[in-house]
Amino acid sequence: METNKIETLLKKYLEGETTLKEETLLKVYFSETENLPEEWKSYQQFFSFYQEAKNESYPIQKKKTKTLLQPILLVAASLAILFTMQLSGFFNSSNSYDQIEAENVFKEFQVQMKSVSSHLNNGSQNLAYLAYWNTTAEKLIK
């Protein structure tokens with residue numbers, strides 16, 4: 001192949017615009033040609049990688065068979081964890097300290113709500129007084 005064609009194919013390849021046929025031409029050219037320009041030596045290694053990768057093989061790993069002992073061990077481990085959690089008091093739902101703290105917070109909440117309610121009631125009484133003056137003023141205007 002002439003170098004100009006290969007050079008244009010390389011530019012297209014680097015831009016990601018080559019077709020599969022053009023890529024195979026590049027692979028064949030770089031695998032068969034021995035006298036390449038220095039700036040293309042790296043491309044020769046790059047395209048030869050595909051041939052080497054095709055020849056690699058990996059051993060097939062055997063699947064491990066499950067034994068009868070594995071499910072029994074899983075059940076025993078889960079029972080041991082549950083037993084340990086029960087002994088440590090993890091499932092003990094009556095925590096008196098948390099209940100006392102929650103009651104204190106609720107009492108404080110009630111006190112604050114009573115304070116807010118009294119302020120709102122005081123404001124509504126003032127509005128009633130203004131409504132009385134409004135009706136009186138309207139009567140005097142008529």
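Laboratory data are not the source of any read-out in this text; all were calculated from the coordinates shown. Just so it is clear, the structure is predicted and the values come from calculations on it, not from any experiment. Here the Cβ positions follow ideal geometry from the backbone for every residue, glycine too, while neighbour counts run over all protein chains shown.
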Dipole check, the stretch 1-113, charges on Cβ (K,R +1; D,E -1), about Cα centroid: among 84, 49, 13 the Cα furthest to the positive pole belongs to 84
At the level of C-alpha centres, the distance separating the stretch 4-31 and the stretch 119-141, in angstrom, is 91 Å
Restricting to aspartates and glutamates and to Cα separations under 15 Å from residue 41, and discarding same-chain partners fewer than 8 apart, the set is 7, 32
Beyond 30 Å (Cα-Cα) in this structure, taken from 21/54; 5/54; 27/63; 21/63; 11/54, we find 27/63; 21/63
Computed on Cα atoms, the radius of gyration and Dmax of the stretch 3-55 in angstrom are 10.6, 31
With DSSP loop assignment and no more than 10 other C-beta atoms within 10 Å, the GluC sites (Glu not before Pro) in the stretch 1-90 are 2, 17, 34, 56
Volume per residue (Å³) of the convex hull spanned by the alpha carbons of the chain is 526 Å³
Exposed chymotrypsin sites (Phe, Trp or Tyr not before Pro) being those in a DSSP loop with at most 16 other Cβ atoms within 10 Å, the longest stretch of the chain free of them is 1-89
Calculated from DSSP helices alone, with each H run of at least 4 adding -39500 (n - 2.57) and the total divided by the residues of the chain, [θ]222 nm to the nearest 500 comes to -26000 deg cm²/dmol
Measuring from its Cα centre, the stretch 3-55 shows a charge dipole (+1 at each Lys and Arg Cβ, -1 at each Asp and Glu Cβ) which, in debye to the nearest 20, is 140 debye
Computed for the chain: size of charge dipole around the Cα centre, +1 on C-beta of each Lys and Arg, -1 on C-beta of each Asp and Glu, debye to nearest 20, value 920 debye
Computed on Cα atoms only, the convex hull of the stretch 96-142 has an orientation-averaged projected area in nm² of 3.1 nm²
Computed about the Cα centre, the charge dipole of the stretch 96-142 from +1 Lys/Arg and -1 Asp/Glu charges at the Cβ has a magnitude in debye, to the nearest 20, of 540 debye
